[in-house]
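The values are calculated or read from the model by the stated rules, or taken from the named source; none is laboratory data. Nothing here was measured: the structure is a model prediction, and the numbers come from that model. Every residue, glycine among them, receives a Cβ derived from its backbone with ideal geometry; neighbour counts consider all protein chains shown. Side chains included, ligands, DNA and RNA excluded: accessible areas come from the protein's heavy atoms. Shrake-Rupley method; radii C 1.70, N 1.55, O 1.52, S 1.80 Å.
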Amino acid sequence: MMKDMTTGYQFPDLTHLFAPRSIAVIGASEKEHSIGNHAMKNIVEHSKFEGRLYPVNPKQESVMGMQCYPDVASLPEPVDVIVVVIPAKGVRTAIEQAGEMGVKFAVILTSGFSEADEWGKAEEAALVEISKRTGIRLYGPNCPGLVNFNTPLGMSFSPAYKSDIAPGSIALATQGGGLGRNMVQHKDRGVGFTNWASTGNECDLQVADFIHHMAGDPEVKVIGCLVEGFKDGPRFAAACQRAAEMGKPVVGLKVGRSEYGARAAASHTASITGSSEVNRTVFRDLGVIEVDDLDELIDVAQLLVRKLPTGQEKLAIFASSGGAGSLCADNVGVGGLELAEFDPETTARLDAILPAYAATANPVDTTSISISHPDVYREALVITAQDPNVGLVLAPQPMDYGQYSVVNGGSLIEAQKAVDVPIVPIWMSERQGDGYRTLAEGGLVPFRSLRNMRKAVARWIDYGKWQAARDRGWSPAVIGQATGLAEGATRTLTEVEGKQALDAAGVPVTAPELATSAAQAEEIAARMGRPVAMKIVSEQITHKSDVGGVKLNVLADEAASSYDEIVANVKSAKPGATLSGVLLEPMAPSGGVEAFVGVARDPVFGHVMTFGLGGIYVEMFQDVTRTMLPVTRAKAEAMISELQSARLLTGYRGQPKRDIAALAALVEKVSDYVVAHADAVEEMDLNPVWVGAEGEGAMALDAVIVVRQ
């Protein structure tokens, strides 16, 4: 184990899993087309493994010319990795022997464990027990293997491995074998990979462990991850934070964002799929670039390999077709991207070499010179990319033009060698001829559509903005905390208890008093000297207004009768409830805006805060923002500004500006309270939170806090 100095989390050292010095294949076979035969061929014939390799099979004396051993215990040394390809019923014995002799890792390709039936679940639990007892780390089971493309080394049974080798700088950590291989096969458009871990059932090692390892691998520039469910949310958060600190972008695709997908993912991996809203929040806070599909993951990753963005990039369009340039410009606008305004010197240089009928503003349309004068086409492209306002050049290719497309592809490749700004081709034709292959082989990975381009470029630029704005001192509170559902009973604090706890933590709240009789209610209201709010107090009643337990704007001479009316309403609606009395508190000043602050414990990622304005803005429009804890002042201000209805706080249509600073301070204090009481607080709802005009402050008018007993 190695302690990550960024997060303090313990992660395994996977060096000798990705680069083993010795391997044993358990189930190695000479039988053509068998899983054991494919596993051996991938190492012997299709890899460049220079370590020691031991076949293990009690039924064969040798495999591929190498001495075969009857079992793991007979091996001459404790190897770094055993690759297990035998039936499930024999796996436990092999792992037991390997663990006892000091083998470091087991790559278990065998299926038939927790994904299959109750027997499989029990066997998998036994494997975990062996791992904890002996120290052997388990990869899988039910996985396609582990691949290091840069060596290359394929500890896999896949017959496709030999044709999928494409060294590069993108590392993949996936829970889906078939989907992971889909991404690997983007090698056909010029994408290269360092390694690929497809983790199967994750009985021990998880996607998070591989993200952490990849973050420290100098050969890795970008990490792609595909997640169906999370075994350990805090571990995933710690790994992604490590990647951010190391400057390694993580591009993530989460399966299970819809009810259908979540159901399918759960049945596939037996992992916790989680709430899509919470998963999206976690990805954003950790800097994981969330994408919608496999090709988009690769689109974004390959852009990041070429250059890390600043977040300020403006685009140039360089085309030899006016229609393609215009359609590309439309997609730039639709995607919320921005075209660069050329420096006058750029325009002058383009005017000097291009025909008078060419367009030299942005988009650039070179017309037919790409055919007649490819050298001029290439020079104009370099000039465009050298403009000081351009951060990326889009080069739409609307059709396959045979040999001319090959020449144009070569021009793009040569131009890219002369400039630092990425030149990005978009191949718009269904015909993938030699021109397409020229671009792919030359390292300029072609986008397959303008739609894909606009999504990927937007994600690329947004990542630069996130990096520029992120608080490098912030760390998710969930790291190191226990998550999961509450064990045992919970109880809801009375409003008096909740507000007293919040007040002690510095959260602005109203000052309530409890009346246990009508006369006492009248006395308290008179002493408060202004209209009051009256609310029933009962541990069994959370939604007080639903049972007639709330009266607002009550005058002192109305307090006694209001007390009796509230008690009568509640006894009628909830005859079994225990009533502690009626709470009285001064009404908030008129003219304020209502907001709400909620915190709930997610079973995977711990406490997540939800913030929004009250009324129809949350009920009808679902206008809310979410964040992991802790919430700093700057983070609170960002949450407020992200609301679509945020203008209601900034003086919209003559309304006074609201006290955003006080509201942000309240949000921060709520976060501090929950973090300080993380083991106890299960859920919190402050609704409404009154926000006054600038300088008038903000305070919680109602508080519901659910705690573990």
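What number, in percent, do you get for the relative contact order of the chain if the mean sequence gap of Cα pairs under 8 Å and at least 6 apart is divided by its residue count? Result for the chain is 9 percent.
Please give the contour-minus-distance gain from Met620 to Gln500: 0.36 nm per residue of separation, less the Cα-Cα distance, rounded to one decimal in nm. Walk me through the numbers on the way to the answer.
Values: separation 120, 0.36 × 120 = 43.20 nm, distance 3.22 nm.
Here the answer is 40.0 nm.
Between the stretch 285-311 and the stretch 70-115, the C-alpha centres lie 37 angstrom from each other.
The modelled label-to-label distance for the pair Glu414/Ala680, using points 7 Å beyond Cα in the direction of Cβ, is 7.4 nm.
If you line up the long axis of helix 495-504 against the longest principal axis of the chain, both from Cα atoms, how many degrees apart are they, to the nearest 10? So the inclination is approximately 70 degrees.
Stretching the chain fully between Ala577 and Tyr652 yields a gain of 22.6 nm (0.36 nm per residue, less the alpha carbon separation).
Computed about the Cα centre, the dipole magnitude for the chain is approximately 960 debye when only Lys and Arg (+1) and Asp and Glu (-1) carry charge, each at its Cβ. A simple rule links phi to the HN-Hα coupling: the Karplus curve 6.51 cos²θ - 1.76 cosθ + 1.60 with θ = phi - 60°, which for the stretch 599-610 gives 9, 9, 8, 7, x, 9, 10, x, 5, 10, 9, 10 Hz, with x for Gly and Pro. Distance from the Cα centroid of the stretch 31-47 to that of the stretch 380-414 is 43 Å (rounded to whole angstrom).
With protein chains left intact and a 1.4 Å probe, residues in the chain average 41 Å² of accessible area per residue. The lysine pair count for the stretch 536-640, using Cα distances under 23 Å and pairs eight or more places apart or on different chains, is 4.
Helix 91-101 against the longest principal axis of the chain: what's the angle in degrees, Cα atoms only, rounded to the nearest 10? Taking Cα atoms only, the helix is inclined about 80 degrees. Placing dummy labels 7 Å off each Cα toward the beta-carbon, the span from Glu430 to Thr490 is 5.4 nm.
Short-range pairs are left out: with C-alpha atoms under 8 Å and at least six residues apart, the relative contact order of the stretch 519-660 is 18 percent.
For Cα pairs less than 8 Å apart in space and 6+ apart in sequence, what is the mean separation divided by the residue count of the stretch 126-218, i.e. the relative contact order in percent? Provide the component values of the computation, followed by the final result.
Values: 148 pairs, mean separation 33.1, N = 93.
Taking the mean separation of contacting Cα pairs over the length of the stretch 126-218, I get 36 percent.
Annotation: amide H-H contacts under 5 Å for Val83 (H modelled 1.01 Å from N, sequence separation of 5 or more, or interchain): Ala24, Val25, Ile26, Val107. Element breakdown for the stretch 444-560 at a 1.4 angstrom probe: carbon and sulfur atoms account for 49% of the accessible area. The alpha-carbon of Lys187 sits under 16 angstrom from the alpha-carbons of these lysines, leaving out residues fewer than 8 places away in its chain: Lys162.
Angle between the Cα long axis of helix 35-44 and the longest principal axis of the chain, 0 to 90 degrees, nearest 10? That works out to roughly 70 degrees.
Mind checking the full-extension length gain between Arg527 and Asn553? Use 0.36 nm per residue of separation minus the Cα-Cα distance, one decimal, nm.
Numbers: separation 26, 0.36 × 26 = 9.36 nm, distance 1.50 nm.
Using 0.36 nm per residue and subtracting the Cα-Cα distance, I get 7.9 nm.
If packing is taken as the average count of other Cβ atoms within 10 Å, what order do 413-420, 454-461, 163-170 fall into, highest mean first? Numbers along the way, then the final one.
Working: 413-420: 16.1, 454-461: 23.6, 163-170: 19.4.
Ranking the peptides 413-420, 454-461, 163-170 by packing returns 454-461, 163-170, 413-420.
Proximity of backbone amide H atoms, modeled 1.01 Å from N, is registered between Arg137 and Phe105, Ala106 at under 5 Å, excluding neighbours fewer than 5 places apart on the same chain. Peptides 68-78, 193-203 ordered by packing proxy, namely the average of other Cβ atoms within 10 Å per residue, highest first: 193-203, 68-78. Here the stretch 570-709 has 50 percent of its accessible surface on carbon and sulfur atoms, given a 1.4 Å probe and all protein chains in place.
Among 438-444, 232-238, how do they line up by average Cβ neighbours within 10 Å per residue, starting with the highest?
Details: 438-444: 19.4, 232-238: 24.3.
Sorting 438-444, 232-238 by mean packing, highest first, produces 232-238, 438-444.
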